[in-house]
Amino acid sequence: MTQYKKAKFWKCALQVNPAAYIVNRGTSHGLAESEYNQQLLKIAQENDIKIIGLADHGNVDGIDAIRTLMNSNDIIVFPGFEIATTEKAHFVCLFPEDTSKDQLHRYLGALGLTNPSEGIWPTNLGGNDLISKVNELGGFAYAAHCTDDNGILRQKLVHVWKNPLLKAAQISGTLDDLKNDDGNVYRLILKNKNKDYQRDHSIGIINAKDVAFPDDLSNPKATCLIKMTNPCFESFKLAFQDPESRVRLNSDVSNKYFSQIKSINVTGGYLDGLNIHFSEHLNSIIGGRGTGKSTLIEFIRYVFNKTPIGKYTKKQHEEIIRENLGKSKGRIEIVVRSSTMNGKHFTVSRKFGENSVVKDEYGAISSFSPHDLLPEFEIYGQNEIHESLQDPQGQRQILSRFLDINNSSDEELILSLKNKLAKNRKQITQFHESVSNVECEVSRLPKLLEQAANFKTLGLVEKLEIVPKLENEKQLINAAQIKITNIESNLANILQYLSEDNFLDESVIEYLPDVGVLRQIRSTIELIKNDTKSAIIKLQDSNTLQKSELMKLYLSLQESIKNEEDSLDKIFKELPSNEGRSGKEVGNQYKEIIAEIERIRPMQSLLDNSKISLNELFKARKLLLDELSSIRSTKSSQYERLLKKLNKKLEGKLKLSISPEADRAPLIDKLVACNLDNVAEKRLEWILTAEDFSPKKLSELIANGTDDLKNANWGITPSIADALVKMNLSSRLELEEIELPDFIKIEFNIAHDNAINYRDLNKLSPGQQCTAIMHLLLLSNSDPLLMDQPEDNLDNSFIADRIVNELRSAKIERQFLFATHNANIPVFGDAEWIGVFDSENEQGNLPAYYQGAIDVPEIRDKAAAILEGGKVAFNQRKAKYGF
């Protein structure tokens with residue numbers, strides 16, 4: 001028989017009757033025994049039924065023929081019978097698969113059915129005695145059709161119902177079918193919510209409709225689902241020790257779509273040869289220290305390139321990879337099912353020293369990254385949660401998934417605005433520097449004009465009135481040459497743009513539905529481009545001719561200016577000397593002053609225009625900042641609404657509240673990085689307590705000057721104010737762009753037994769802090785959660801009280817993998833796969849026989865030894881383990 005390595009739900013038909021049973025109903029199916037059995041087999045195979053429970057009324061004669069046929073086709077048969085008690089309540093009694101027909105006859109006698117030919121007659125045992133006797137015989141008795149005429153609930157057998165040895169009860173449909181005036185009483189009893197019928201442990205609710213005709217076996221109400229690793233009677237009985245996790249009706253199962261790590265294969269390194277096929281639900285790694293539990297978790301992290309949050313955890317991760325994979329250049333291969341990619345399978349592999357490679361289900365290289373496949377995949381190493389909770393940034397990083405508003409357009413807009421602000425800042429800085437330089441030049445103009453005016457007293461202005469005119473002509477020649485150069489450059493740029501490849505290339509459009517229209521558009525664009533090219537080439541040819549003419553005019557003008565300046569030299573020589581300077585020196589000085597005036601005079605207009613442009617840039621900046629502020633406010637508001645929804649889900653466990661833009665540490669870091677005089681982190685603590693504060697407002701006050709900073713009532717000292725106003729413009733504008741993160745307050749209910757006592761996360765013990773975050777991590781997510789020894793920092797009293805219950809519920813629609821030493825997680829969490837790691841010859845290994853669930857004897861024994869400290873301690877949990 002196949003040996004399975006993980007627990008799953010198997011379909012079980014637990015009240016199948018042999019061919020001869022039909023006579024009890026006074027009718028016939030018209031089939032010989034062999035035909036009847038063959039049809040049962042066919043329908044069982046079609047419906048993927050793994051276990052059949054045979055239960056004729058007090059009769060076991062047809063068992064061997066059915067069992068032989070079913071066993072040869074890998075279907076297990078639990079032989080047994082249906083029997084009535086003295087209260088006329090019906091029970092189905094099933095026994096181990098190897099129980100012989102002769103044994104069953106003896107059991108019928110032991111149960112007080114002294115006349116097998118009258119099997120439908122009641123035994124001489126009451127319900128409690130019958131259940132106890134079946135249990136002594138190693139069998140399993142369940143209450144048949146408990147809400148019908150011969151059922152123990154209809155018979156109001158409270159004392160039998162509350163018997164702890166009664167583990168299961170059959171109903172004819174679903175619990176919801178009982179939502180009516182009469183049946184709702186039964187429904188509350190079955191849900192263990194009726195005080196009079198309340199049991200210490202919930203009962204397993206099954207469907208096991210009487211199968212009298214082969215076709216009855218295909219009815220969903222004829223079967224139920226029992227979770228086992230390797231289907232067998234021992235595992236079957238053990239499942240009813242935990243019916244909430246291991247027993248399901250077909251109607252309870254709905255399709256849950258979530259991502260999974262399907263398998264991992266390691267080549268080389270400490271875990272060389274490791275091959276695991278994980279369960280899609282709860283997986284638990286156990287084993288002694290140094291056997292490879294943490295290594296497996298970190299290997300998976302390495303393949304998915306999930307950088308640890310904390311510095312210590314990051315260092316630990318790198319050491320594990322280097323020591324256990326790097327030395328042998330090992331390789332890891334992981335198969336995943338991606339919910340994001342519509343349930344498709346991918347293989348992600350990584351060799352030490354190389355990047356991860358993703359292949360699709362056909363083996364072709366995929367363009368997706370590991371993050372694309374499992375975008376919300378979470379993995380935490382030893383002590384990583386505790387380490388990350390020690391600062392607000394780490395807390396936000398853990399909370400980020402739960403505060404993901406998933407509004408990519410807003411994020412793109414924020415990024416766009418930040419880029420625009422950075423560009424605007426650069427433009428303002430450049431314009432400001434340019435304006436400052438021009439202002440410096442223009443400030444010289446009054447002095448130069450005054451110097452030129454002094455020459456009037458010498459009677460030279462009239463004689464040299466041509467000097468400013470000649471300088472003006474020189475400036476105009478330069479401007480004309482720049483104009484022509486710009487025209488040539490722009491025409492060349494247009495021509496280059498027109499020569500670029502057509503975006504409507506045939507290879508792009510040939511498969512599109514409107515390819516004909518797109519070809520016409522391409523032809524029209526080509527005509528426009530060709531016509532424009534021709535026009536530009538003609539313009540360039542014409543410009544070349546005109547430029548030749550223009551060059552002659554330039555030369556003519558320059559010749560004229562030279563002649564005029566030669567004449568000036570003669571005039572300079574004739575000028576009278578003044579204050580010890582020759583006439584020529586006086587004339588040249590005047591000429592230099594006039595040249596400077598004519599060079600600077602146009603700058604006044606440039607300065608005015610630059611100031612207007614600078615003012616417009618500041619206005620544009622103000623609009624960008626306002627838009628960014630609006631989006632951030634909207635985002636904070638959305639966070640607040642999201643937190644309200646989270647608080648509803650976490651009611652009684654956690655309470656979250658938000659203080660928008662309350663974390664001012666990034667601003668302090670920025671100011672310290674500016675290296676201003678006397679400005680250190682300690683001297684900026686006023687920022688943490690300042691009211692009515694924002695980086696934008698601080699920037700405005702810095703621009704206004706020292707007095708405004710001192711009068712802000714923020715506690716700014718004069719020396720800090722003096723230092724801040726000396727900040728350069730670019731750094732001051734950067735302050736406006738700094739995004740202060742929201743501060744999220746986390747409060748944890750430290751009380752037990754449904755009481756309420758919330759306390760701030762930062763005032764809790766490490767164990768309570770990590771327990772608080774675990775409540776968040778177990779919330780709905782379609783991607784896996786992996787944790788290495790979460791119990792190291794979990795408050796142990798909360799693990800069984802809260803975490804395990806949430807884990808049992810969450811694992812139905814999410815995959816978990818925990819490396820642990822705590823029995824609560826794999827045992828009471830009812831892990832579907834447990835892997836017992838071992839080490840030998842400095843090599844970690846996980847043999848196939850040490851993989852399975854708690855119903856596998858080898859796993860059970862190892863779990864008791866590793867998690868419980870041995871069998872003596874383990875026996876304290878024997879109701880769960882089944883020793």
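The values are calculated or read from the model by the stated rules, or taken from the named source; none is laboratory data. Because the structure is a prediction, the values reported are computed rather than measured. Here the Cβ positions follow ideal geometry from the backbone for every residue, glycine too, while neighbour counts run over all protein chains shown. With ligands, DNA and RNA removed, areas are computed over all heavy atoms of the protein, side chains included. Shrake-Rupley method; radii C 1.70, N 1.55, O 1.52, S 1.80 Å.
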Notebook entry, point to check: Which whole-Hz couplings ³J(HN,Hα) result when phi for each residue of the stretch 766-777 is put into the Karplus expression 6.51 cos²θ - 1.76 cosθ + 1.60, θ = phi - 60°, listed in order with x for Gly and Pro?
Noted result: x, x, 5, 4, 5, 4, 4, 5, 4, 4, 6, 5
Next item on the list: Can you figure out the FRET efficiency of residue 637 with residue 42, using R₀ = 51 Å and their beta-carbon distance, to the nearest 0.05?
Entry: 0.25
Notebook entry, point to check: If you take the beta carbon distance between residue 255 and residue 839 as r and set R0 to 41 Å, what does 1/(1 + (r/R0)^6) give as a FRET efficiency, to the nearest 0.05?
Noted result: 0.55
Check: What residues qualify as long-range amide H neighbours of residue 61, i.e. H under 5 Å apart, gap of 5 or more or another chain, H built at 1.01 Å from N?
Finding: none
Notebook entry, point to check: What ranking, highest mean first, results for peptides 698-709, 90-101, 535-546 when packing means the other Cβ atoms within 10 Å averaged over each residue?
Noted result: 90-101, 698-709, 535-546
Margin query: Starting from 0.36 nm per residue, how many nanometres of slack lie between residue 537 and residue 102 once their C-alpha separation is accounted for?
Written below: 145.8 nm
Margin query: Assuming 0.36 nm per residue, please report the length gained on full extension of the stretch residue 495 to residue 865 beyond their Cα-Cα distance.
Written below: 125.0 nm
Next item on the list: Give me the distance in nm between label points sitting 7 Å out from Cα along the Cα-to-Cβ direction at residue 360 and residue 813, one decimal.
Entry: 3.0 nm
Note to self: Taking R0 as 35 Å, what FRET efficiency do you get between residue 263 and residue 129 from their Cβ-Cβ distance, rounded to the nearest 0.05?
What the structure shows: 0.10
Notebook entry, point to check: What is the extension gain from residue 35 to residue 689, computed as 0.36 nm multiplied by their sequence separation minus the C-alpha to C-alpha distance, in nm to one decimal?
Noted result: 226.8 nm
Margin query: Taking the alpha-carbon distance from residue 653 and a cut-off under 22 Å, which lysines remain once sequence neighbours fewer than 8 residues away in the same chain are dropped?
Written below: 644, 645, 745, 763, 811
Notebook entry, point to check: How many nm separate the modelled label positions at residue 563 and residue 511, each set 7 Å beyond the Cα in the direction of the Cβ?
Noted result: 7.5 nm
Next item on the list: If a/c stays under 1.5 just call it rounded; otherwise compare a/b with b/c (prolate if a/b is bigger, oblate if not). Do that for the stretch 1-139, with a ≥ b ≥ c from the square roots of the Cα gyration tensor eigenvalues.
Entry: oblate
Next item on the list: Kindly rank 761-771, 418-428, 166-176, 641-651 from highest to lowest mean number of other beta carbons found within 10 Å of each residue.
Entry: 166-176, 761-771, 418-428, 641-651
Check: Of the listed peptides 664-676, 36-48, what is their order by residue-averaged count of other C-beta atoms within 10 Å, with the highest listed first?
Finding: 36-48, 664-676
Checklist line | Environment charge at residue 323 (Cβ cut-off 14 Å; Lys +1, Arg +1, Asp -1, Glu -1) | finding: -1
Notebook entry, point to check: Counting only protein heavy atoms, what percent of the accessible surface of the chain is carbon or sulfur at a 1.4 Å probe?
Noted result: 48 percent
Item checked: q = 0.13, 0.15 Å⁻¹: log10 I(q)/I(0) that the Debye formula gives for the stretch 570-719, counting C-alpha atoms only -> -0.87, -1.00
Next item on the list: Report ³J(HN,Hα) in whole Hz for each residue of the stretch 611-628, in order, from the Karplus equation J = 6.51 cos²θ - 1.76 cosθ + 1.60 where θ = phi - 60°; Gly and Pro get x.
Entry: 5, 5, 4, 4, 4, 5, 5, 5, 4, 4, 4, 4, 5, 4, 5, 5, 5, 5
Note to self: Going by amide H atoms built from the backbone, whose H comes under 5 Å of the H on residue 834, apart from near neighbours?
What the structure shows: 284, 852, 853
Checklist line | trypsin sites (Lys or Arg not before Pro) within the stretch 273-311, DSSP loop, no more than 16 other Cβ atoms inside 10 Å | finding: 289
Next item on the list: Equivalent ellipsoid semi-axes for the stretch 61-187, as square roots of 5 times the alpha carbon gyration tensor eigenvalues: give them largest first, rounded to whole Å.
Entry: 27, 19, 12
Check: Counting only residues 5 or more places away or on other chains, whose amide H sits under 5 Å from the amide H of residue 379 once H atoms are built in the peptide plane?
Finding: 786
